[in-house]
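Comments concern the structure below.
The values are calculated or read from the model by the stated rules, or taken from the named source; none is laboratory data. None of the values given here were measured: they were computed from a predicted structure. When we count neighbours, we look across all protein chains shown, and the Cβ atoms used for this are built from the backbone with ideal geometry, even at glycine. SASA here: full protein model, heavy atoms, side chains in, ligands and nucleic acids out. Shrake-Rupley method; radii C 1.70, N 1.55, O 1.52, S 1.80 Å.
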Amino acid sequence: MKMTKEQARARRKLRIRKKVTGTGLKPRLVVFRSNVHIYAQLVDDESGVTLASSSTLVLTRAGQAVHANREGAASVGKDIAEKAKAKNIEAVVFDRNGYIYHGRIKALADGAREGGLKF
């Protein structure tokens, strides 16, 4: 029986999460991509707390016209980097959440790097 797309992503996600954990000093930058929006969170796995989050949904509500394309993903990356800098976070561990590192995921990562995050 062939694996579905969702099952393949879940399998990749587990393989990544075995190796990638975030701390208070170097949190995990988690990316979730839907058809309509793209989301990013900074997570401290030791205490199980989300330190900051951003998404195209939040940016759209704030008045910007942001879509779930590469430009929108880059602006989410820059926004999460600003929020991280406000909390004195300079380095993160990138968790692509089972998604292939290209397109919107890569644009978000590049935007976060442009905003000053190191990973």
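Some values worked out for this structure:
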item: Solvent accessible area, Å² - Y39, 1.4 Å probe, full protein context; result: 70
item: Computed magnitude of the charge dipole of region 5-115 (debye, nearest 20; Cβ of K, R +1, Cβ of D, E -1); result: 580
item: Accessible-area value, V43, 1.4 Å probe, nucleic acids and ligands omitted, Å²; result: 20
item: Gyration tensor (alpha-carbon) shape descriptor, region 5-115, a/c threshold 1.5; result: oblate
item: Length gained when the stretch D110-E90 is fully extended (0.36 nm per residue, less Cα-Cα span); result: 5.7 nm
item: Long-range amide H partners of N97 with built H, under 5 Å; result: V31
item: For region 1-36 and region 72-86, distance of Cα centres in Å; result: 20
item: Loop-resident sites, region 11-101, for GluC sites (Glu not before Pro), counting at most 16 other Cβ within 10 Å (DSSP); result: E46, E90
item: Net length gained if the chain between V20 and Y101 were fully extended (0.36 nm per residue, minus Cα distance); result: 27.6 nm
item: Trypsin sites (Lys or Arg not before Pro) restricted to DSSP loop in region 1-110 with at most 15 other C-beta within 10 Å; result: K2, K87
item: Heavy-atom accessible area order for V36, V30, largest first, 1.4 Å probe; result: V36, V30
